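Okay, structure first, notes after.
The values are calculated or read from the model by the stated rules, or taken from the named source; none is laboratory data. All of these numbers come straight from a predicted model, not from anything done at the bench. Ideal geometry is used to build each Cβ from the backbone, glycine not excepted, and the neighbour counts take in all protein chains shown. Quick note on the areas: whole protein, heavy atoms, side chains included, nothing else; ligands and nucleic acids left out. Shrake-Rupley method; radii C 1.70, N 1.55, O 1.52, S 1.80 Å.
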Amino acid sequence: MTHVTVDTWSIAAVGALAYLVGGVPIGWLLARSRAGIDVRGLGSGNVGTSNIYRNVDAGMAVVVGPAQFFQGLLCVEGAGWLGFPIEIQSLVAVCAVVGNGWPVYLGFNGGRGIAVATGAVAGLSLIGLGVLLACFAAGALCRQIALGVMAGFIALPIVAALIVGQARAIAFAVLLVLITLRRLEGLITDSRRYGQPLRLALLRLARDERPGRPLVGRRTDW
């Protein structure tokens, strides 16, 4: 393990690096280079695994999901290897997810952050990872995977506060806020266009559904 001097500059540097690494749009790059498709114009408009699976290629999605997971995991593990304490590792986890959701590479409009966040959680706490995977599995069994994902990130900071520790519990709470913000992306615009803002918000949070963005096919809200 390498030890670095923990000061403002080193913290800013490792946070910025995590943002840049977490923000690399792997799904968008693969769809663009291998299939000539801008996945943002299809389905949910998301650049992540689910949209690529439904609208581009299942085999490509098998690559994108683990790659995004490792984006989050390696950022946290790298900070630990450099000798940063758990508080800074937690900050790095948040920066990686911010990068995925608001990447400079795509005009600050990226993915949902789920896979990167799951990888970051794995680097911070195996108990936290277990909580997420249990909720993901329950959601899949009930055919409500989006709800299972949301439930997992809601449960995560609660479990962490009780078992894991304060620094990670705070980081997990911030991850929940970030993921919620990504799910509600464009809600004001949609409310003006379609009305019923409360219903639209609930559909986003529970099912990650947005008007004009079918699960399969070309977007109609552009």
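A few comments on the model shown:
- Principal-axis tilt of helix 8-23 within the chain, Cα atoms, nearest 10 degrees: 30
- Sequence-separation-based contact order of the chain, relative, with Cα cut under 8 Å and 6+ spacing, percent: 22
- Part-to-part distance (alpha-carbon centres) for region 1-73 and region 87-163, which is given in Å: 14
- Per residue, the chain exposes an accessible area of 49 Å² to a 1.4 Å probe, with every protein chain left in place.
- For a modelled paramagnetic label at Y194, 7 Å from Cα along Cα-to-Cβ, the residues of region 106-142 in reach, with backbone nitrogen under 18 Å, are 112.
- The angle between the Cα long axis of helix 166-183 and the longest principal axis of the Cα atoms of the chain comes to about 20 degrees, rounded to the nearest 10.
- Projected label distance in nm at A206 and C142, using a 7 Å step from Cα toward the beta-carbon: 1.0
- Taking packing as the residue-averaged number of other Cβ atoms within 10 angstrom, the listed peptides 83-96, 131-144, 156-169 run from highest to lowest as 83-96, 156-169, 131-144.
- Between 0 and 90 degrees, the angle of helix 145-159 with respect to the longest Cα principal axis of the chain falls at about 30 degrees.
- When the solvent-accessible area of the chain is split by element, carbon and sulfur atoms take up 68 percent of it, the probe being 1.4 Å.
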